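One structure is given here, and the rest of the page talks about it.
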């Protein structure tokens, strides 16, 4: 830890996050993100040798499986499509992908 | 103060009807507009359902334990009759194609959804000030926040628009606003209520729970919503049975939450409430849960990581806002720039930072290891105690704008609530008097699946706390 985020890191993070960030916002974001990271760096003080990480807390539950059957959720294709910003012929229309 | 049992009684004895109750609730929602707890009402659908329920009741049919009772849901829960926005511009006109399972179960029990409540966009925040549609205001003082992120739900119950409301709690988003607004707010054990149809924030801690005036009402609502759902593989088989507090309980007061950083007056109210518990015959002892002092740091690594992943789906393609741009990649980045609030963006960026190559071990894995230590601390504490108590939040409701310039300061209001989420434990906020006219909440935490023990204890406290 103890590595602070630079302006270039902010731009890289924005790209990883698929967020457009104006150049004028970078310095402010850099300051805010570092402030938060400084706080979480207290975790360095905690001895975690040989401690297994916890990713989920469902008591005793491992991977849940179900039989491989089609389940009717009672929602039609038209209903699922109605929120698409653009649609045509029962499909979602997207901007050109291949230039 | 309106309770579920009063409404049920009025409808049962014929002095009221579902329609009359819904009309009153809708009128109250309108009258409360200066506090802005509501984003949209589901008037047409609610009145139609009320008429159907009245007809069924007249025909002598069993409509369910909540027949004709109005309720409000946080607007990150998919529902018919109004848009589901999560208080974000990216979902401004989202018209839910199906309803959240929790809402479906309540409707099947006869309850009627009348409105969608305000929240911090995507439930990121502790004040509702991150709502893209403007903040809600605290019913006890309109210059103060109602808390968050489920601030609109808490305020709706405090304002008596409906006897209960639903919220979601990822790090305190039910309990902290319940504390700020002076109502009961219950965060159940992780996996108690299906999350199908709820806008995901952090999948390892998100839970759905009720707000009500009494713990008894909260228990009734939880009872209806809880249980396994094939559409949510993280749900537990139904275990919830409220059991009246009859024998004295061993109550541990969490030492780490009664020290520095907590307002003296808040501590005083909490201590007085603990004395009430003692006078009821419970044994009270101090207990140390040492790693909870790092819980907020763990939370602000783990939760942003999960947020970054869950919010990756908002790309402007399948639903929601789509910004026009020359290239596909710019459609993504511009849509997300316009559709998210600044706090959403901060959390997404922090999340991607702690998950990125070179930082994963130092931040994300480390935080998950400390999470293990927190869980182990609680396990030990529940070896000696039936329940644990402490304050809900370090302060009473703060002023609008007071914490908006400093994200970290805003995060600190979650200091004592995030631990229960990280460990998956049930926790309820119950009113514990006032400080300078503003409500204070006592937090009661139970062991995993002890939801049926902490709510009756909260009820016992409410009946005996003057």
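Since every read-out is calculated from the coordinates, none of them should be taken as a lab result. Please read these numbers as outputs of a predicted model, since none were measured by experiment. Reconstructed Cβ throughout: ideal geometry from the backbone, glycine too, with neighbour counts over all protein chains shown.
Along its first, second and third principal axes, ordered by size, segment B:1-124 spans 45, 31, 22 Å in Cα coordinates. Over segment A:1-65, what portion of Cα pair distances is larger than 18 Å, expressed as a whole percent? Taking all Cα-Cα pairs of segment A:1-65, the fraction more than 18 Å apart is 57 percent. For the segment B:204-210, counting C-beta atoms of other chains within 10 Å of every residue's C-beta and taking the mean gives 1. With the simple model of a label 7 Å out from the Cα in the direction of the Cβ, residue B:241 to residue B:434 spans 4.0 nm. Over all orientations, segment B:209-349 has a Cα convex hull whose mean projected area works out to 13.3 square nanometres. Note on segment B:4-225: Rg/Rh from Cα positions, Kirkwood definition for Rh, rounded to two decimals, is 0.94. A Förster radius of 45 Å, combined with the Cβ-Cβ distance separating residue A:78 from residue B:357, puts the computed FRET efficiency at roughly 0.60. The modelled label-to-label distance for the pair residue A:92/residue A:7, using points 7 Å beyond Cα in the direction of Cβ, is 3.7 nm. Its alpha carbons considered, segment B:297-360 gives a radius of gyration followed by a Dmax of 12.8, 40 Å. Remark: spin-label model distance residue B:143-residue B:379 equals 5.0 nm, labels positioned 7 Å along the Cα→Cβ axis.
Rg/Rh for segment B:122-263 stands at 0.99; both radii use Cα atoms, and Rh follows the Kirkwood definition. Estimated from the Cβ-Cβ distance and a Förster radius of 30 angstrom, the FRET efficiency linking residue B:330 and residue A:31 is about 0.65. Once the chain from residue B:271 to residue B:51 is taken as fully extended at 0.36 nm per residue, the excess over their C-alpha distance is 74.4 nm. For the peptide A:28-36, the mean number of other protein chain Cβ atoms found within 10 angstrom of a residue's Cβ is 4.
Cβ crowding within 10 Å, taken as a proxy for footprinting-reagent exposure, orders A:51, B:63, B:183 from fewest neighbours to most as A:51, B:63, B:183.
Quotient of the Cα radius of gyration of the protein assembly as shown and 2.2 N^0.38 Å, N being its number of residues: 0.94. The calculated P(r) of chain B, using every Cα pair and 10 Å bins from 0, goes 5, 22, 33, 26, 11, 3, 0, 0 in percent. Between residue B:463 and residue B:34, take the C-beta separation as r, use R0 = 30 Å, and let me know the FRET efficiency to the nearest 0.05. Rounded to the nearest 0.05, the efficiency is 0.40. Working from the Cα coordinates of segment A:31-99, the gyration tensor eigenvalues give, after taking √(5λ), semi-axes of 43, 27, 12 Å in decreasing order.
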